[in-house]
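One structure is given here, and the rest of the page talks about it.
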Amino acid sequence: EADIYQTPRYLVIGTGKKITLECSQTMGHDKMYWYQQDPGMELHLIHYSYGVNSTEKGDLSSESTVSRIRTEHFPLTLESARPSHTSQYLCASSEGADTQYFGPGTRLTVL
Amino acid sequence: AQSVSQHNHHVILSEAASLELGCNYSYGGTVNLFWYVQYPGQHLQLLLKYFSGDPLVKGIKGFEAEFIKSKFSFNLRKPSVQWSDTAEYFCAVNSSNSGYALNFGKGTSLLVTP
């Protein structure tokens, strides 16, 4: 069983709010990832990190930021939430190219 | 850029039927291939993976997949499905070019009826 945690699991907020989605892993993995998943659709990469102080943009990164100050922690921030951000956000981690382990996800609704 | 295509979006089978889910990818370089499964209300979890070696790989719960390089395919199979196999199945690829981030297909929703 992989140890990767996401909080909150569910979040309903109003437009314009700043939010941070938390992701932590206790496996010491170097790589971490954020994906966005809409119902019935594929996962899209938002951001990823090779390790501490490393962050890279994915396909859908333009409206969010991430930081990697500690190996185990990879938070995702939306500076100003919009209804178009309503989605499920999945965090994952891996050791190198190997299997990615996924968290339970945060289901975000922006009103 | 890589892309992954899953041919079947919704599949309904009776218990004991055989399953084959198609997956093709487009990328000419070296890739790693994965099938992930998401059971209702649970995390995405790995079903099986192919990095190199024997192109026929076996995963958990009786699943297997065959990598056919010439066809850019990595189809998932199970000889006899069970009701508990009802889930969403995702094919994914990664490579060094993308920092080993996964490129997913749209997924196949499998419903197994008793």
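Every number in this text was worked out from the coordinates using simple rules, so none of it is lab data. All values reported here derive from a predicted model rather than from experimental measurement. We place every Cβ from the backbone using ideal geometry, glycine too, and count neighbours over all the protein chains shown.
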*What is the calculated FRET efficiency for A:Leu111 to B:Ser52, with r their C-beta to C-beta distance and R₀ = 45 Å, to the nearest 0.05?*
0.40
*Above-threshold pairs, the threshold being 22 Å between Cα atoms, out of B:Lys49/B:Lys69; A:Lys31/B:Lys69; B:Lys78/B:Lys106; B:Lys49/B:Lys71; B:Lys49/B:Lys78; A:Lys31/B:Lys78*: A:Lys31/B:Lys69; A:Lys31/B:Lys78
*In whole Hz, with x marking every Gly and Pro, tabulate ³J(HN,Hα) for the stretch A:96-111 from phi via Karplus 6.51 cos²θ - 1.76 cosθ + 1.60, θ = phi - 60°.*
x, 8, 6, 3, 8, 9, 9, x, x, x, 10, 9, 9, 10, 10, 8
_Mean separation of Cα contacts under 8 Å (6+ apart) over length of chain B, as relative contact order %_ = 37 percent
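Find, among the chymotrypsin sites (Phe, Trp or Tyr not before Pro) in the stretch A:1-82, those assigned to loop by DSSP (not H, G, I, E, B) with at most 15 other beta-carbon atoms within 10 angstrom.
Details: sites: A:Tyr5, A:Tyr10, A:Tyr33, A:Trp34, A:Tyr35, A:Tyr48, A:Tyr50; in loops: A:Tyr50.
Filter output for the stretch A:1-82: A:Tyr50.
Normalised by the residues of chain A, what does the relative contact order come to in percent, with Cα pairs under 8 Å and at least six apart? Present the calculation step by step, with values, prior to reporting the outcome.
Details: 288 pairs, mean separation 40.1, N = 111.
Here the relative contact order equals 36 percent.
Just to verify a number: FRET efficiency for A:Thr20 and A:Asp59, C-beta to C-beta distance, R0 = 25 Å, to 0.05?
Details: r = 21 Å, r/R0 = 0.84.
Computed FRET efficiency for A:Thr20 and A:Asp59 comes out at 0.75.
Compute, for the protein assembly as shown, the length of the dipole vector about the Cα centre, with Cβ point charges of +1 (Lys, Arg) and -1 (Asp, Glu) only. Units Debye, rounded to 20. It would help to have the intermediate numbers written out before the result.
Values: 17 positive and 20 negative charges, 59 e Å.
Computed charge dipole of the protein assembly as shown: roughly 280 debye.
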_Cα gyration tensor category, rounded, prolate or oblate, for chain A with a/c compared to 1.5_ = prolate
*A:Val52 to A:Val12: FRET efficiency via 1/(1 + (r/R0)^6), r the Cβ-Cβ distance, R0 25 Å, to the nearest 0.05?*
0.15
*May I ask you to list the GluC sites (Glu not before Pro) in the stretch A:1-53 that are in a DSSP loop and have at most 15 other Cβ atoms within 10 Å of their Cβ?*
A:Glu1
*Which trypsin sites (Lys or Arg not before Pro) from the stretch B:41-105 combine a DSSP loop assignment with at most 16 other Cβ atoms within 10 Å?*
none
_Longest DSSP-loop-exposure-free segment, trypsin sites (Lys or Arg not before Pro), chain A, at most 14 other Cβ within 10 Å_ = A:19-111
*Can you run phi through the Karplus equation (6.51, -1.76, 1.60; θ = phi - 60°) for the stretch B:8-22 and list ³J(HN,Hα) in whole Hz, with x for Gly and Pro?*
10, 8, 9, 10, 10, 10, 8, 4, 6, 6, 8, 10, 9, 10, x
